[in-house]
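As structure tokens, the structure follows; a few thoughts come after it.
The values are calculated or read from the model by the stated rules, or taken from the named source; none is laboratory data. On a predicted model such as this, the values are computed, not experimentally measured, just so you know. Glycine also receives a Cβ, built like all others from the backbone with ideal geometry; neighbour counts cover every protein chain displayed.
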Amino acid sequence: MPKTAPFDEHAVTYDDWFEQHPFVYEAEVRAVGKALPGRGRGLEIGVGSGRFAVPFGIGTGVEPSEKMRDLARARGLDAVRGTGERLPFADGTFDFALFVTTICFLDDIERSFREAHRILRRAGTIVVGFVEKNSPLGKEYEERKAESVFYHEAVFKPLKKITAGEPVAKGHGRGSFLVIRGRREGIM
């Protein structure tokens, strides 16, 4: 069952987070951008309010929350009702699929990845951005999980200490927001 209640009840609060933390948002956008293919038809799974799809020209997103879909549509996206576990698209429809801070809200991550694989064209790309659980920031969010409406923050330092652009670096183990990329192989 999709976890939509916090997003339906606090959609504007969620969306305002990006305005309140512009340096974090900008760093996350840069990190995701380094992993995305340079062209092709993309789908953002868990598109939310469209804050990541829009800068990358991704025109289609799947979102279970009605209020978040409304915000994404207001940004010009074709925001479709659905979940990562059951994508409402035909096999081989997209060149790439993007998940940004979505996997922690999925009921079945493995099924969602299988679905992303199914809707990708041959040699398609999957990109996943997430807060690394064992990073200092990930541990802080885990500790505050019960207090948070969304359980969403990001990057290298505590939010209050981010007052300028954050670095984007290769590798793992140093930052808090990680982006990984995989490629679909084989024939459909």
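Structure values in brief
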item: Condition met for Thr4 (polar (S, T, N, Q), at pLDDT 95 or above, surrounded by 16 or more Cβ atoms within 10 Å (Cβ to Cβ) and closer than 21 Å to Ser112 by Cβ); result: no
item: Which listed residue is surrounded by 19 or more Cβ atoms within 10 Å (Cβ to Cβ) and basic (Lys, Arg), from Arg69, Arg86, Arg75; result: Arg69
item: Yes/no for Gly61 being of a type outside the set (A, V, I, L, M), crowded, with 21+ Cβ neighbours inside 10 Å and under 19 Å from Val29 (Cα atoms); result: yes
item: Pairs, first in contact (Cβ under 8 Å) with a residue 24 or more places away in the chain in the stretch 79-108, second surrounded by 19 or more Cβ atoms within 10 Å (Cβ to Cβ) and basic (Lys, Arg), C-beta under 7 Å, six or more apart; result: Ala79/Arg69
item: Within the stretch 1-25, tally of residues that are of a type in the set (D, E, K, R) and under 15 Å from Phe130 (Cα atoms); result: 0
item: Index of the failed condition, Phe150 passing every other in (1) in contact with a strand residue (DSSP E or B) (Cβ under 7 Å, 6 or more places away or on another chain); (2) at pLDDT below 85; result: (1)
item: Residue within the stretch 125-135 that is among the acidic types (Asp, Glu), assigned to a loop (DSSP other than H, G, I, E, B), surrounded by 16 or more Cβ atoms within 10 Å (Cβ to Cβ) and at pLDDT below 95 present; result: yes
item: Candidates Thr60, Thr93, filtered to the one that is among the β-branched types (Val, Ile, Thr) and touching a helix residue (DSSP H, G or I) at 6+ places or on another chain (Cβ under 9 Å); result: Thr93
item: Residue list for the stretch 89-110, filter: surrounded by fewer than 16 Cβ atoms within 10 Å (Cβ to Cβ), at pLDDT 95 or above and among the charged types (D, E, K, R); result: Asp91
item: Filter result for Ala116 (part of a loop (DSSP other than H, G, I, E, B) and at pLDDT 95 or above); result: no
